[in-house]
Amino acid sequence: MKIIMLGAPGAGKGTQAKMIAEKYGVPHISTGDIFRANIKNGTELGMEAKKYMDQGLLVPDELTVKILLDRVANEDCKNGYVLDGFPRTIPQAEVLDKALTELGDKIDYAIDVDVPDENIVKRMGGRRACLSCGATYHIEHVPPKSEGICDKCGQELVLRDDDKPETVKNRLNVYHEQTQPLIEFYTKKGVLKAVDGTVDMKDVFAAIVEILG
Ligand code: AP5
Ligand code: MG
């Protein structure tokens, strides 16, 4: 089962992708998490990606596409995967489509987690992220057991650099300009499914399970 998560920054793509990965036994692949892990480890790729991410801009397609194609070629992706944050531009979607077509394969579902911009800005300030294992919390909706510490790996939780209100606004603009056109792209392919992302995260997940079966 090959799934793409679509939706604005903060819509809950990562939250839902992790639950899908667990229930259906496929890897959760987030290009944002891959970039953040590289930034944390001070790699060349991380340094390059950070220049764009801190401004709320997209990392150039050349860099992003290569990382993603390498990742999905891994053995653990044989039975499918859930992509979170990729594709984010039409050229990225086309590259993925071409790579899959060459393998006689295709995306099964593109799930759009729909949340209006007003809700997004409120959510982001409360998010806390673990840069070690990628777990995400929210100070009100999903607090960690002990404040500021990741339940899963015990590392310190941080407010992501790109979750500052000004940067969130840029990310939303970038989303509307460059990523939203993918909704039409996948609608045309007949694989788009939309869910209401404003309700409780368990209810969002129930709607997704209804679609995936
Ligand atoms: P990325 O890490 O993908 O960030 P994003 O798309 O901006 O999305 P977020 O991770 O911020 O939000 P999310 O939808 O995963 O929401 P979450 O589940 O955490 O990308 C970051 C940057 O990397 C990009 O800006 C770009 O620079 C670069 N990049 C990445 N991929 C790229 C690509 N393909 N091409 C080019 N550049 C790329 O939820 C948000 C918060 O809300 C959490 O606190 C959560 O607990 C809470 N929450 C979730 N669901 C609910 C709910 N139903 N009700 C209440 N609260 C909820
Ligand atoms: Mg995310």
Problem set entry | Residue that is farthest from ligand 1 (Cβ to nearest atom) [pool: residues in the range 11-39 that are of a type in the set (G, A, S) and surrounded by fewer than 19 Cβ atoms within 10 Å (Cβ to Cβ)] | G25
For this session: Of the numbered conditions (1) touching a residue at least 40 places away in the same chain (Cβ under 8 Å); (2) within 11 Å of ligand 1 (Cβ to nearest atom); (3) out of contact with any Leu (no Cβ under 6 Å at 6 or more places or on another chain), D61 fails exactly one; give the number of that condition.
Result: (1)
Problem set entry | Leading residue by the ranking (most open to solvent (accessible area, probe 1.4 Å)) among those in the range 55-102 that are assigned to a helix (DSSP H, G or I) and hydroxyl-bearing (S, T, Y) | T101
Exercise. Could you list, in sequence order, the residues of the range 196-213 that are of a type in the set (A, V, I, L, M, F, W, C) and within 16 Å of ligand 2 (Cβ to nearest atom)?
Worked result: M201, V204, F205, I208
For this session: Confirm whether K18 is more than 21 Å from G56 (Cβ to Cβ), away from ligand 2 (no atom under 13 Å from the Cβ) and modelled with pLDDT of 95 or more.
Result: no
Problem set entry | Given (1) at pLDDT below 95; (2) of a type outside the set (S, T, Y); (3) open to solvent by 50 Å² or more (accessible area, probe 1.4 Å); (4) in contact with a strand residue (DSSP E or B) (Cβ under 9 Å, 6 or more places away or on another chain), number of the condition E140 does not satisfy | (4)
Problem set entry | Residue among R127, R160 that is touching a Phe, Trp or Tyr at 6+ places or on another chain (Cβ under 8 Å) and farther than 30 Å from K98 by Cα | R127
Seminar exercise, completed: Flagged pairs (Cβ under 7 angstrom, 6 or more apart or on separate chains; first in the range 20-34, farther than 24 Å from M47 by Cα and part of a helix (DSSP H, G or I); second open to solvent by 40 Å² or more (accessible area, probe 1.4 Å) and within 14 Å of ligand 1 (Cβ to nearest atom)) are A21/H28
Exercise. For R128, are the conditions met, namely being touching a His at 6+ places or on another chain (Cβ under 9 Å), closer than 29 Å to L69 by Cα and not hydrophobic (A, V, I, L, M, F, W, C)?
Worked result: yes
For this session: Note down all Cβ pairs under 9 Å where the first residue falls in the range 193-207 and is open to solvent by 60 Å² or more (accessible area, probe 1.4 Å), the second is hydroxyl-bearing (S, T, Y) and assigned to a strand (DSSP E or B), and they're at least six residues apart or on different chains.
Result: K193/Y109
For this session: Among the residues of the range 115-131, write down those that are away from ligand 1 (no atom under 11 Å from the Cβ) and surrounded by 16 or more Cβ atoms within 10 Å (Cβ to Cβ).
Result: C130, L131
Problem set entry | Residues of the range 74-115 satisfying the condition of being over 16 Å from H28 (Cα atoms), touching a residue at least 60 places away in the same chain (Cβ under 8 Å) and hydroxyl-bearing (S, T, Y) | T89
For this session: Assess whether L45 counts as being open to solvent by 60 Å² or more (accessible area, probe 1.4 Å), more than 11 Å from ligand 2 (Cβ to nearest atom) and over 25 Å from K106 (Cα atoms).
Result: no
Problem set entry | Members of the range 40-52 that are basic (K, R) and within 12 Å of ligand 1 (Cβ to nearest atom) | K50, K51
Exercise. Any residue at all in the range 4-15 that is among the charged types (D, E, K, R), closer than 24 Å to P116 by Cβ, within 15 Å of ligand 2 (Cβ to nearest atom) and within 16 Å of the chain's Cα centre (by Cα)?
Worked result: yes
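The values are calculated or read from the model by the stated rules, or taken from the named source; none is laboratory data. None of these values were measured; they are calculated from a predicted model. With ideal geometry, Cβ positions are generated from the backbone for all residues, glycine too; neighbour counts draw on all protein chains shown. Just the protein is used for accessible areas: all its heavy atoms, side chains included, with ligands, DNA and RNA removed. Shrake-Rupley method; radii C 1.70, N 1.55, O 1.52, S 1.80 Å.
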